[in-house]
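The values are calculated or read from the model by the stated rules, or taken from the named source; none is laboratory data. Given the structure is predicted, the values throughout are model-derived calculations rather than measurements. Virtual Cβ from ideal backbone geometry, glycine too; neighbours counted across all protein chains shown.
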Amino acid sequence: MQKKHWRLKAGKRKFMNLKRLFFIVILFIGELVFNFALAQEKVFPVPEGNAKQLFFLQRTPNTNTIVCELNYKDGTVDKEDPIRVFWIRYQEKGQIEDLSYIQRKFAYGVKSKAIGENKYELNFVSYKKYKMYLMLSADNQYHVFTTINKKPAILTRIYVAIKGGSFWSPNVEYVEVSGVDPATHSPVTERLKI
């Protein structure tokens, strides 16, 4: 009888050990799947080949990209509207499309104000606090300047990490601004909480 009882206890212990091992294996597999998913995050294309491009904006939901470029009128930068903003719809056929009225007026449109000769203050209509400056620089080219890590920088990319919310009120986790230090030409990046 005692042998039978001992065997039952040993069998129960074996079963519990197998159960623990199974649980550990499941956790391990879950960790692998999570890490694989992180490694498979969207790879965002970089718009190239546009000599008028100043910077671009990308967002979490998809790889469609908003490009901000110089807007010319009669061969010179349009003093009334120096920035043209449009989509490259990578998620579809890679076609270029204008912003819709609502996108232009409430989300991704860029307002400009002349503040000097060949110098404009810029901001997105959806976030007036973040100032950018379109200026003719020493290389005789227009660039958009902003502050990254409390230093002047030439803006090249804005990435908006969105987690839920709606079009009118997205839940923005952070905004990452990237650019180039004009003195050293080295890349600079800063994450901002908004």
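Out of the residues in region 93-107 meeting the condition of being in a loop (DSSP other than H, G, I, E, B) and at pLDDT 95 or above, tell me which one is surrounded by the fewest Cβ atoms within 10 Å (Cβ to Cβ). The selected residue is Ser100.
Here's the yes/no breakdown for (1) outside any loop (DSSP other than H, G, I, E, B); (2) hydrophobic (A, V, I, L, M, F, W, C); (3) in contact with a helix residue (DSSP H, G or I) (Cβ under 6 Å, 6 or more places away or on another chain):
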residue	(1), (2), (3)
Pro45	no, no, no
Gly49	no, no, no
Phe55	yes, yes, no
Gln58	yes, no, no
Thr63	yes, no, no
Cys68	yes, yes, no
Asp81	no, no, no
Arg84	yes, no, no
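Do you know which residues across region 146-169 are closer than 20 Å to Val85 by Cβ and either of a type in the set (Phe, Trp, Tyr) or in contact with a Ser or Thr (Cβ under 9 Å, 6 or more places away or on another chain) (or both)? Of everything in region 146-169, those that are closer than 20 Å to Val85 by Cβ and either of a type in the set (Phe, Trp, Tyr) or in contact with a Ser or Thr (Cβ under 9 Å, 6 or more places away or on another chain) (or both) turn out to be Ile154, Leu155, Thr156, Arg157, Ile158, Tyr159, Val160, Ile162, Phe167, Trp168.
Among residues of region 115-133 that are more than 18 Å from Asn171 (Cβ to Cβ), those with a Cβ under 9 angstrom from a residue that is at pLDDT 95 or above and among the small types (Gly, Ala, Ser), sequence gap 6+ or separate chain, pair up as Tyr120/Ser112; Tyr120/Ala114; Glu121/Ser112; Glu121/Ala114; Leu122/Ser112; Asn123/Ser112; Val125/Gly109. Taken over region 70-79, the criterion of being not in a strand (DSSP E or B) and not basic (Lys, Arg) is satisfied by Asn71, Asp74, Gly75, Asp78.
Yes/no per residue for (1) under 21 Å from Lys111 (Cα atoms); (2) touching a residue at least 12 places away in the same chain (Cβ under 8 Å); (3) over 17 Å from the mean Cα position of the chain (by Cα); (4) not assigned by TED's automatic domain parsing to the domain that holds Thr65:
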| residue | (1), (2), (3), (4) |
| --- | --- |
| Tyr142 | yes, yes, yes, no |
| Phe145 | yes, yes, yes, no |
| Lys150 | no, no, yes, no |
| Ala153 | yes, yes, yes, no |
| Thr156 | yes, yes, no, no |
| Tyr159 | yes, yes, no, no |
| Gly165 | no, no, no, no |
| Ser178 | yes, yes, no, no |
| Pro182 | no, yes, yes, no |
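Residues in region 61-82 that are in contact (Cβ under 8 Å) with a residue 40 or more places away in the chain and surrounded by 17 or more Cβ atoms within 10 Å (Cβ to Cβ) were compared, and the one that is farthest from Val177 (Cα to Cα) is Val77.
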